[in-house]
Ligand code: PAF
């Protein structure tokens with residue numbers, strides 16, 4: 001497995017892969033790799049001849065007071081993890097100046113409207129940072145396929161819209177959330193949880209499972225479903241427990257047959273804010 005650290009070197013590799021007719025998959029990450037990331041790499045290796053994992057802690061998606069400085073960084077441990085798995089062929093780990101040659105950054109990419117609900121309501125500018133960095137990674141790696149985890153479903157749907165609206169040739173693939181034995185979604189931020197918060201954290205999964213089962217049992221009133229999700233989260237500091245449509249991430253009141261919705265929750269614990277979600281297609285009677 002090869003480590004690439006500069007844009008010119010990445011361009012050289014991409015040129016030679018394209019000349020050889022290889023299909024390229026990109027798995028964008030911020031490092032601190034866990035089994036959830038490895039599931040993305042595994043899926044990427046089913047989709048392409050060359051699998052590039054990018055590792056870049058993107059400063060523009062962290063707001064003031066968020067954990068940019070504290071975010072875990074250990075590229076050599078991540079490279080070892082990927083080497084042991086044996087499915088990625090290249091790691092792209094650029095220095096900040098490779099992605100943001102001009103700082104403060106001037107050129108932004110935004111998907112308006114979809115970035116103000118759910119996490120966007122409290123993390124102003126977060127998705128603009130994500131969309132900007134992913135656009136730049138796509139410009140450098142020129143992937144045929146990009147693989148993302150569905151734990152960050154809002155991110156996935158926003159990036160999907162980016163690709164459609166910009167006509168990018170990259171196909172987006174979303175991989176189901178990988179969970180601990182008790183249902184907690186794997187996340188690099190789980191390591192911040194105290195023992196007590198770790199015991200309480202599976203309530204996020206309980207809340208989204210509740211939403212799914214109510215919808216599949218026939219409940220169509222969104223307020224009833226959101227209240228039931230909040231009941232599962234009782235005793236925690238809930239940021240949101242909401243249902244939105246997956247097309248534009250707009251709040252919905254009533255579920256109609258055939259509609260695809262995202263039921264999503266976010267909870268603040270002492271040192272971490274965790275999210276979880278489920279995508280459900282409302283059954284047609
Ligand atoms: O999901 C993440 O880890 C990040 O938001 C991403 C997509 C790598 C962009 O920095």
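The modelled label-to-label distance between residue 6 and residue 67, using points 7 Å beyond Cα along the C-beta direction, is 3.4 nm. Per the Cα gyration tensor, the range 11-165 maps to an equivalent ellipsoid with semi-axes of 25, 18, 16 Å, ordered largest to smallest. Expressed as a fraction of 2.2 N^0.38 Å, the C-alpha radius of gyration for the range 107-169 is 1.06. Per residue, the Cα convex hull of the range 26-76 amounts to 86 Å³.
Please report the relative contact order for the range 106-166, taking Cα pairs under 8 Å with a sequence separation of at least 6, and give it as a percent rounded to a whole number. Dividing the mean separation by the residue count of the range 106-166 yields 38 percent.
How do 92-98, 143-149 rank on mean C-beta neighbours within 10 Å, highest first?
With the highest mean Cβ count within 10 Å placed first, the list reads 143-149, 92-98.
Sorting the segments 4-16, 32-44 by their mean number of nearby beta carbons within 10 angstrom, highest to lowest, gives 32-44, 4-16.
Here the Kirkwood formula, the inverse mean of 1/r across different C-alpha pairs, assigns the range 76-129 a hydrodynamic radius of 14.3 Å. Only Cα pairs under 8 Å and 6+ residues apart enter the sum, and on that basis the relative contact order of the range 100-213 stands at 19 percent. The protection proxy used here, the mean number of other Cβ atoms lying within 10 Å of each residue, ranks peptides 176-182, 75-81 as follows, highest first: 75-81, 176-182. Sorting 17, 103 by the number of Cβ atoms found within 10 Å of their own Cβ, with the fewest placed first, yields 103, 17. Shown here is the pair-distance distribution of the chain: with all Cα-Cα distances grouped in 10 Å bins from zero up to the longest one, the shares run 6, 27, 35, 23, 8, 1 percent.
Hydrodynamic estimate: the Kirkwood radius of the range 146-285 over Cα pairs, inserted into Stokes-Einstein at 25 °C and 0.890 mPa s, corresponds to D of 156 µm²/s. Each Cα pair under 8 Å and six or more residues apart adds its sequence gap; the mean of these over the residue count of the range 23-91 is a relative contact order of 42 percent.
When both the range 29-86 and the range 140-172 are represented by their alpha-carbon centers, they are found 16 Å apart.
Highest mobility in the GNM of the chain, judged by mean-square fluctuation with C-alpha springs under 10 Å and restricted to 105, 190, 58, is found for 105. Taking the DSSP beta bridges with both ends in the chain, the antiparallel portion is around 50 percent. The range 47-97: Rg/Rh from Cα coordinates, Kirkwood Rh? Using Cα coordinates only, the ratio equals 1.05.
Read-outs: derived from the displayed coordinates by stated rules, not from any lab. Since we're looking at a predicted model, the values are computed, not measured. All Cβ positions, even for glycine, are placed from backbone atoms using ideal geometry, and neighbour counts span all protein chains on display.
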